[in-house]
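Below is one structure; the comments refer to it alone.
The values are calculated or read from the model by the stated rules, or taken from the named source; none is laboratory data. Everything quoted here is computed from the prediction, not taken from an experiment. Heads up, the Cβs are rebuilt from the backbone with ideal geometry, glycines too, and the neighbour counts pull from every protein chain shown. The area values use the complete protein model at the heavy-atom level, side chains included, leaving out ligands, DNA and RNA. Shrake-Rupley method; radii C 1.70, N 1.55, O 1.52, S 1.80 Å.
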Amino acid sequence: MTSPTLTPTRIGDPVDRVDGVAKVTGQARYAAEQPADRLLYGWVVSSSIAKGRIVAIHDEDARAISGVVEVMTHVNRPQLPRFDHSYKDALCVPGSPFRALYDERILFNAQPIAVVLADSLEVARYAASLIEVDYERETHNTDFTVALADRFVPQDKRSGFEAPKNRGDAQSAYGAARCKIAADFHLPTHYHNPMELHATTVVWEGDGRITVYDKTQGPQNVQGYLSAVFGFSPEHVRVKNPYVGGAFGSGLRPQYQVYLATLAAKMLERSVRVVLTRQQMFSHVHRPEAVQSVALATDPSGRLQAIINDAATSTSRFEDYMETVCDWGLMNYACENASAEYTIARVDTYTSGDMRAPGAATGMTLFELAVDEMAYAANIDPLEFRLINYSDKNAMDDTPFTSKALREAYAQGAAKFGWSRRTPAPRSMKDGRELVGLGLATGMWDALFRQMAVHARLLPNGDLEVATAGSDIGTGTYTVMAQVAADTLGLPIEKVTATLGDSSLPESPAEGGSSMAASVGAAVQVACRAVAEKLLVAADQIEGQPLGGARLEDVTLAHGRIALKSDPARSISFGDAMSAAGLETIEVEDTPASRSGSSGQSRKSRNTHSAIFAEVKVDEELGVVRVTRIVIAVAAARIINPKTARSQILGGVVMGIGMALHEEALTDHRIGRCMNRNLGEYHIPAHADIRDIEVIFVDEPDPEVTPLGVKGVGEIGIVGTAAAVINAIFHATGKRVRSLPVTLDKLLDS
Amino acid sequence: MDTRVHDDPSHAGTASSVAGAREAIPISLIINGRQRHFAIEPWVTLLDLLREQEHLTGTKKGCDHGQCGACTVLIEGKRINSCLVLAVSRDGAQVTTIEGLADGDRLHPLQQAFVEHDALQCGYCTPGQICSAQGLINEGHASSGNEVRELMSGNLCRCGAYTNIAAAIMEVLDKDGAP
Ligand code: FES
Ligand code: FES
């Protein structure tokens, strides 16, 4: 380990992840890894039909196995509330949330219908295999293409949903134009599949309290949900998630394992652990299936004259999940005539939900495939085409951006990638027997900011603790917190302890939407500044006031000392200041104002942008595509930690490559079940699929976007990446594949 | 009306066949250098033994089917998916898990390289990646980046830390190879 340095850590330093050592030594404990006395293992039994009713559950054989304590079903479960409002979590969407084991109705395939509770994992698993269920089937439909006949515009919008806004007259402009394209694109259902299985350990404390270790992105959301559903008073429910083994959106809303584990704990008054199987990870939230119909037209110089961008995504029969799919193309490109319609269609599955860059990963990616087709139709280089149609403002809302360095991202990315070596004609570049393709796409995401609170505590020796209820799902939140705290008080990061993942800590929204770094960073800074103010007040108690009543702007904080800027020789230590005031600690809890000085200003758009360049090599005889190089240039304002931020981008790019080439849930619509529900058949990128990825952070100073001038980077890496890869495949092969992923069969037959 | 088809036939059985499975069998394992004795049922995997009975939860479960590599440990220095090993079949074996790699407070070179290269995000695949990398080094077949990527492909990382993982492993390989 690097020896602690006394140099203060600064925002912008590429420091190592502070939770790295716990993770590489196996000391970090995840939800299924918390010990509990007299623990029962719950094994979930899943329905084998997609729609209908349970007529009978035959659990006698299971109950006969020694070690089985209970088989919990809709028949014997404890009482549950009747009305939907009790089941609505803070991030719910319009509709009627799923209630496991509520009654005999089956709403989707692999719905949890029973939980076997036993004193060992093996007994629970075995006994679950003995349960027989009689069903009465009803006709289901899981085929989205069939459901599209009944697509509709959702009336009751989920919070945060932005419906597209039309401008000009896109239909007439499209009709009148000579140079145009129209195409339909399809994205299959994706499952998040974090490596950690969804799991919960409920510790029955015996005094009416429960401590719940849950795989979630929002412990306070789960706390509120469990209290409302199970009738606990909120202070009796403490939800912890100090380590989360990835989530990508799958832990935003409470998942059914936490509900089942808590229900069982309440029924048996014992500690219970429920871990889903990998198969069962394909029975809940997923990125919706989507179709997007894009029509574009240009004038002879390549200027866009019309954008028509309609899309539909899948949702369940019981809730209306919707995401912002259509807006991205309309916001990003200058064009006087643009229209879009967003609809949803119901299938008999669990409700779809947010997955990394929800809406944009679908809508911007598919739009960027169409942009490439348009550029070719107009006979213009795809990069040149994007520059011709560049918009300095948000073209849909007609609002300025707080910053948009996309032009620089295109330029720096193209230079690094060597775009100029590209010969435009498809099939014109080769490397030995392989065809080479170079492709490009644009990415865009929101720069979100959410108010949250942070608790800070300083000790006289300069040890500093900062804490909030938020989560680190692999995103680097611990590190960002510690780094901003260290920067604010001039400490080395080794002196700072960041605590997260506990619902009893100060209020924080769920980790999601790339909002956390900007939000928690601002809150940490505000809290640590308040600590510094208190230090100054304490310093004034020192005899003779060596700092002469200086204010925060008059001093520097470094090495555990406060020094006057005007006369650095005049300084006092934190410890001396605190002891003069008789303080053993300085503690503060604070929340920053909503946005930095945004009141009274006209509305502005806040977004991150990226330019992604992909090189592919295609072996045409075998149809094998290799992504040999990606260069992604990201404009995301100020980067708190270039090392962990780069990792976030890399992760998004890898998922984007998977979206282009691998990921696809395959459903047998006759039984309404996802058939490739395992990691052997639901393909995600493996080591051998990933070659060079270069990340560039473009300089984009933006003091206005959020208090620290930070935009998040968790999602931007995935947005558009698949389009860059697929556009490169076209350049290599001359084949347009419009249905993702681009598997070898599609390249061989088209 | 119809009757349920078993979702997962591998676990289906009859109530009577369970009796044998529940008979405890004495075995011993040397786990991270410490001799441990168990009386375990034949259906207990090495992975579940480590996690649920030894509380060595550094070894992760990502699929329980040999498809993800999160459960990789070293048995006699060879990397293996511990979810596919019935513990009783390895009586007497030397098992090294992620908890056994560091030398007290001094990180193992792979652990150190993973931290420095930020070869992890959520950290859930990480113990498996590191044990697998040690197994790879022990095998002695990999020297180029391409070989590392190919031979590490049994360890999935959904956070997509692959390039950093490969860089961390290459650094250790290069140091190991140096005279
Ligand atoms: S848990 Fe063993 S390979 Fe996935
Ligand atoms: S670090 Fe999260 S799965 Fe690899």
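Multiplying the residue separation of A:His58 and A:Asn379 by 0.36 nm and subtracting their alpha-carbon distance yields 108.9 nm.
Suppose R0 equals 60 Å; then what is the FRET efficiency for B:Glu147 and B:Ala24 from their Cβ-Cβ distance, rounded to the nearest 0.05? Intermediate results must be reported in sequence, preceding the final value.
Numbers: r = 43 Å, r/R0 = 0.72.
FRET efficiency, B:Glu147 to B:Ala24: 0.85.
Taking label positions 7 Å along the Cα-Cβ direction at both A:Arg158 and A:Arg433, the computed distance is 4.7 nm, reported to one decimal. For the peptide A:36-49, the mean number of other protein chain Cβ atoms found within 10 angstrom of a residue's Cβ is 1.
Structure remark: mean-square fluctuation, Gaussian network model of chain B, C-alpha springs under 10 Å; the largest value among B:Ala119, B:Ala102, B:Ala87 belongs to B:Ala102. Share of antiparallel DSSP beta bridges in chain B, in percent to the nearest 5? Of those bridges, close to 90 percent are antiparallel. Round to a whole angstrom and tell me the spacing of the C-alpha centers of segment A:209-242 and segment A:43-95. Centre-to-centre (Cα) distance: 20 Å. For segment B:109-176, a simple Cβ point-charge model (Lys and Arg +1, Asp and Glu -1, everything else neutral) yields a dipole of about 220 debye relative to the Cα centre. Taking amide H as placed 1.01 Å from N in the peptide plane, A:Ile106 has its amide H under 5 Å from the amide H of A:Gly52, A:Arg53, A:Ile54, each at least 5 places away in sequence or on another chain. Heavy-atom accessible area buried between chains A and B is around 6200 Å² (1.4 Å probe, both sides summed).
Taking amide H atoms as placed 1.01 Å from N in the peptide plane, the amide H of B:Val73 lies under 5 Å from those of B:Ile80, B:Ser82, each 5 or more residues away in sequence or on another chain. Antiparallel beta bridges, as assigned by DSSP with both residues in the protein assembly as shown, represent about 80 percent of the total such bridges.
State to the nearest 20 debye the size of the charge dipole of the protein assembly as shown about its Cα centre, where the only charges are +1 on K and R beta carbons and -1 on D and E beta carbons. Spell out each step's value before the answer.
Values: 88 positive and 113 negative charges, 198 e Å.
Charge dipole, the protein assembly as shown, about its Cα centre: 960 debye, nearest 20.
Between the C-alpha center of segment A:558-581 and that of segment B:149-165 there is a gap of 48 Å. Scanning chain A for long hydrophobic helices, with DSSP H runs required to stretch 15 angstrom or more by C-alpha along their axis and to average at least 0.5 on the Kyte-Doolittle scale, returns A:256-268, A:360-377, A:477-489, A:516-539, A:642-661, A:721-733.
Exposure here means at most 13 other Cβ atoms within 10 Å; with GluC sites (Glu not before Pro) in a DSSP loop as sites, the longest stretch of chain B lacking them is B:77-179. For the listed residue pairs B:Lys78/B:Lys175; A:Lys416/B:Lys78; A:Lys430/B:Lys61, the alpha carbons are over 32 angstrom apart in A:Lys416/B:Lys78; A:Lys430/B:Lys61. Across the protein chains, with a 1.4 Å probe defining accessible surface, the residues A:Met429, A:Met481 rank A:Met429, A:Met481 from largest area downward. Centre-to-centre separation between the Cα atoms of segment B:30-94 and those of segment A:691-743: 40 Å. Accessible surface for A:Glu533 stands near 90 Å², nearest 10, in the context of the full protein assembly shown (1.4 Å probe). Counting Cβ atoms of other protein chains within 10 Å of each Cβ in A:190-197 and taking the mean gives 6. Between B:Gly160, B:Gly128, B:Gly77, find the one with the highest GNM mean-square fluctuation for chain B; connect C-alpha pairs within less than 10 Å. The residue that fluctuates most here is B:Gly160. Here the extension length gained between A:Arg670 and A:Cys179 equals 172.5 nm, from 0.36 nm per residue of separation less the Cα-Cα distance. Remark: chain A carries 34 Å² of accessible area per residue (probe radius 1.4 Å; ligands, DNA and RNA excluded). Between A:Glu620 and A:Thr399, the distance separating the two model label sites (each 7 Å from Cα on the Cα→Cβ line) works out to 4.9 nm. Annotation note: GluC sites (Glu not before Pro) in segment A:564-594 located in DSSP loop regions with a Cβ neighbour count of at most 15 within 10 Å are A:Glu584. Rounded to the nearest 500, the helix-only mean residue ellipticity at 222 nm of chain B stands at -8000 deg cm²/dmol, with each DSSP H run of n ≥ 4 adding -39,500 (n - 2.57). From its DSSP helices (H runs of at least four residues, each -39,500 (n - 2.57)), chain A gives a residue-normalised ellipticity at 222 nm of -7000 deg cm²/dmol. Out of A:Leu744, A:Ala128, A:Ala334, whose Cα points farthest toward the positive end of the dipole of the protein assembly as shown (charges: +1 Lys, Arg; -1 Asp, Glu; placed on Cβ)? Farthest towards the positive pole: A:Ala334. Counting Cβ atoms of other protein chains within 10 Å of each residue's Cβ and taking the mean over peptide A:13-23 gives 5.
Annotation: the antiparallel percentage among DSSP beta bridges lying fully within segment A:406-523 is about 65. Probe radius 1.4 Å, ligands and nucleic acids ignored: give me the carbon and sulfur share of the accessible area of segment A:25-165 as a rounded percent. C and S atoms contribute 47 percent here.
Projecting the Cα positions of A:Ala311, A:Ile493, A:Ala32 onto the charge dipole of chain A (unit charges on Cβ atoms of Lys, Arg, Asp and Glu, taken about the Cα centre) puts A:Ala311 furthest along the positive direction.
Contact order for chain B, expressed relative to its length and based on alpha carbon pairs under 8 Å spaced 6+ residues apart, stands at 20 percent. Surface composition of segment B:109-176: carbon plus sulfur atoms hold 50% of the accessible area, using a 1.4 angstrom probe and ignoring ligands, DNA and RNA. Using C-alpha pairs under 8 Å with a sequence gap of at least 6, the mean separation divided by the residue count of segment B:57-138 gives a relative contact order of 39 percent. Across segment A:157-251, the relative contact order, built from alpha-carbon pairs under 8 Å that are at least six residues apart, equals 26 percent.
Distance between the pseudo-spin-label points of A:Ser573 and A:Thr556 (7 Å out from Cα toward the beta carbon): 2.0 nm.
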